[in-house]
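Below is one structure, written out as C-alpha cells; comments come after it.
The values are calculated or read from the model by the stated rules, or taken from the named source; none is laboratory data. Nothing here was measured: the structure is a model prediction, and the numbers come from that model. Because the Cβ atoms are built from the backbone with ideal geometry, glycine has one as well, and the counts that use them run over all protein chains shown. For accessibility, only protein heavy atoms count, side chains too; no ligands or nucleic acids. Shrake-Rupley method; radii C 1.70, N 1.55, O 1.52, S 1.80 Å.
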Amino acid sequence: MTVTSTESGSVDRTPLTRYVTLLFAVACGMSVANIYFAQPLLDELSNEFNMDYSIIGILITVTQVFYALGLLLLVPLGDLLNQRRLIIAQMAISIMALVIVGTASSGTMLFAGLALVGLLAVVTQTIVAFAATTAAPAERGRVVGMVTSGVVIGILLARTISGILKDLAGWRSVYLVSAALMLLMVYALYKVMPDGERKVKTVPYSQLLKSVLMLFLQERLLRIRAVLAMLIFTAFSILWTPLVLPLSSPPLSLSHSAIGAFGLVGVVGALAAAKAGKLADRGYGQRTTGIALFLLLLSWLPISYTEQSLFALVIGIVLLDLAVQAVHVTNQSMIFALRPQARSRMVAGYMIFYSIGSAAGSIASTHIYGQYGWHGVCVLGASVSAFALIFWVMTKGGKSVYLQ
C-alpha cells in the first residue's frame, strides 16, 4: 500500500481564532467521549442483549483495544494525507458507527459498532496535531493546551452525560444524540478548517508505520515524555476507575447521579491546566512539569480522606486533574516542536503510552481495592506519582542512561 503525501506537512498560516480553537476542543471532547459512554450503561446493555456481566464487560476492553489500534494505524496518516479531509472523513464514518450502536439488534452488531467507534475516536489526536501545525509557533502551546483540554473534559463528562440521556430517553439515545451532534460538528469543521497545499510524494504505508518506531529511537525527548504520559495516566486511572466503589458503599452510599457529578469537579482542574501551554511557549516546560508532578503526588493526601470528607476528595480531584492535564499539555507542546513534518506520528506513538498507562491503572487499582481497600489505592497512586517525579528529576538535565 502506498499513500499520497507532502514533504513538509505545511498548512495555511491563517491565525487560529479563539472560536476555531474552541471548536477544535469541542470536536475532540465529543469524539473521545464516544468511547466512554458505555461504562455507566453496562447493566442496561446486559439486560437488553441477554448477556452475562462477564461478557458485556468486554465491551470496554474491545473499545479500548481498537482505540489503541487506531493510534497505530490511523493517526500516522495525518503526516501523509490532507489532514482536513482525513479529519472530516473519520468523523463522518464515526457517525455511521454511532448509528450502528444506537440501532443494534444483536450483541454482534453492538460489539462491531463499538469497535468501530473506538477505532475512529483517534481522530482527536489528528485534530490536536492539525491545530499544532496550523497555529503560529508563538501560540502553539496555548492552542494545544486549549484543544487538549477538550479531550480531558470529554473523558470526564462522558459518564455524566451518558447517565442523564439514559434516564431521559434510554441507552440508545446516548449514541443517536451523539451521532446527530457529530453531524453538526462535521459541517462546522468543513466550514472553518483551513486547507493545506502539499507537495505530493508516494510513501509505502509499511514505511510510515515503521517510522513511528524510528522516531522513538531517534528522539530522546519523545521517549521521556511518552514515559511521563504513561505514568501520569496510570495515576489518573488509579483514581477514576475505582472511585465509584467507596462513594457508593457505606458510610457514603452516594447515588450514581451524585457520583457522576464528581466528573464536573475534574473539569475545573482540566480547564485550569490549559494555561500550561502558554508556559511551554515561554520556555518553562520543564519547570511546569516539575511543579505539576509535585502537585500530582500531593493530591493523594486529600484523596486518601475520601471516606471521611468529600470536601477533601474535591480538593484532591482538582489537584490531580490539574497536574495530569498540565503535564499532558506540556508534553505535547514540547514534542510538537521537534519535527513539524512528523507531528501525527509522534502523537500516535506518544498516545500509545497513554493507553498503556490508562489500562494498567484500571487493572491495578481495581485489584488493589479488592485486596486493601481505598487506602491501598491511594498508596498505589502516590507511589506511581512519586516515581513519575523521580523519573522527571533523573531525565530533565543531560543525557539519561536509562533512555539511551
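Over the chain, what is the mean sequence separation of C-alpha contacts under 8 Å (at least six apart), divided by residue count, expressed as relative contact order in percent? Intermediate values should be presented prior to the final figure.
Details: 670 pairs, mean separation 102.7, N = 404.
Relative CO of the chain lands at 25 percent.
From the backbone phi of region 343-359, what are the Karplus-calculated ³J(HN,Hα) couplings (6.51 cos²θ - 1.76 cosθ + 1.60, θ = phi - 60°) in whole Hz, Gly and Pro given as x?
Using θ = phi - 60°, the values come out as 5, 5, 5, 5, 5, 5, x, 4, 6, 4, 5, 4, 5, 4, x, 4, 5 Hz.
Express in Å², to the nearest 10, the accessible area of Y187 obtained by rolling a 1.4 Å probe over the protein heavy atoms while all chains stay in place.
About 140 Å², ignoring ligands and nucleic acids.
Quick one: dipole size for region 203-397, taken about the Cα centre, charges +1 on Lys/Arg Cβ and -1 on Asp/Glu Cβ, in debye to the nearest 20.
Using Cβ point charges on Lys, Arg, Asp and Glu, region 203-397 gives about 840 debye.
Could you do me a favour and compute the accessible area per residue for the chain, 1.4 Å probe, result in Å²?
On the way: 16740 Å² over 404 residues.
I get 41 Å² per residue for this part.
Under a Cβ-only charge scheme (Lys and Arg +1, Asp and Glu -1), can you give me the dipole magnitude of the chain about the Cα centre, in debye to the nearest 20?
1480 debye
Using mean Cβ contacts within 10 Å as the protection proxy, how do 27-35, 245-253, 135-143 order, highest first?
27-35, 135-143, 245-253
222 nm [θ] for the chain, helices only, -39500 (n - 2.57) per DSSP H run of 4+, per residue, to 500?
Estimated from H runs of four or more residues: -25000 deg cm²/dmol.
Got a number for carbon plus sulfur as a percent of the chain's accessible area, 1.4 Å probe?
Carbon and sulfur together cover 67 percent of it.
Among L301, A112, V244, whose Cα sits farthest toward the positive end of the charge dipole of the chain (+1 at Cβ of Lys/Arg, -1 at Cβ of Asp/Glu, about the Cα centre)?
L301
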